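Engineer: This is the structure, below, for whatever I ask next.
Every read-out reported here was derived from the displayed coordinates using simple, explicitly stated rules and does not represent laboratory data. All values derive from a computational prediction rather than experimental measurement.
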Amino acid sequence: MRFSLAVNTFFATALFATTFTVSAMAELPPGPGHDETTKVCGKCHSPEQAASLHQSKTGWEETISKMVNMGSEGTDEEYEAILNYLVKNFGPEAAKPVNVNKATGVELEAGLGLSRTESAAVLQYRADKGDFKTLDDLKAVPGLDFKKVEAKKARVTF
């Protein structure tokens, strides 16, 4: 009985991982470095999470270095391909507005500089209380450093 349960758990986990990987791959534009990005970055987080950032080459170098220091594993060639891919497809761009009533957690993090915990608090508050009407409404979100939102208020839309 235990063996059967372990086998079923293994196959369910493998199916989920395969589905997740295919889903994540569909989010990124094709091109040189795509496969390396999905392979290396996808071991720890969804690749589209990193792709939600738009950084300069220096910014991406720092991000990749940070990931390596946190345990990311890849070859020098893979990291070079990833860097070139990210710079080409997710380089700096003009800041886009963030609709706090529709944004995902990743969009709140990238667009407003919120932490994962803060973006989750905004999403939970929005789900519990409904849409935000004004910037001041965000002050009521527990665990949100409102100064971060206030510093980027020109980007906030409702």
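Engineer: Any idea what log10 I(q)/I(0) is at q = 0.25, 0.26 Å⁻¹ for the stretch 98-157, Debye with uniform C-alpha scatterers and no solvent?
Structural biologist: For the stretch 98-157 at q = 0.25, 0.26 Å⁻¹, log10 I(q)/I(0) is -1.05, -1.16.
Engineer: Follow-up. Show the residues, 5+ positions off or on another chain, whose built amide H is closer than 5 Å to the amide H of Val156.
Structural biologist: HN-HN under 5 Å from Val156: Val98.
Engineer: So which lysines can Lys43 reach, going by Cα to Cα under 19 Å and dropping same-chain residues fewer than 8 places off?
Structural biologist: Reachable lysines: Lys66.
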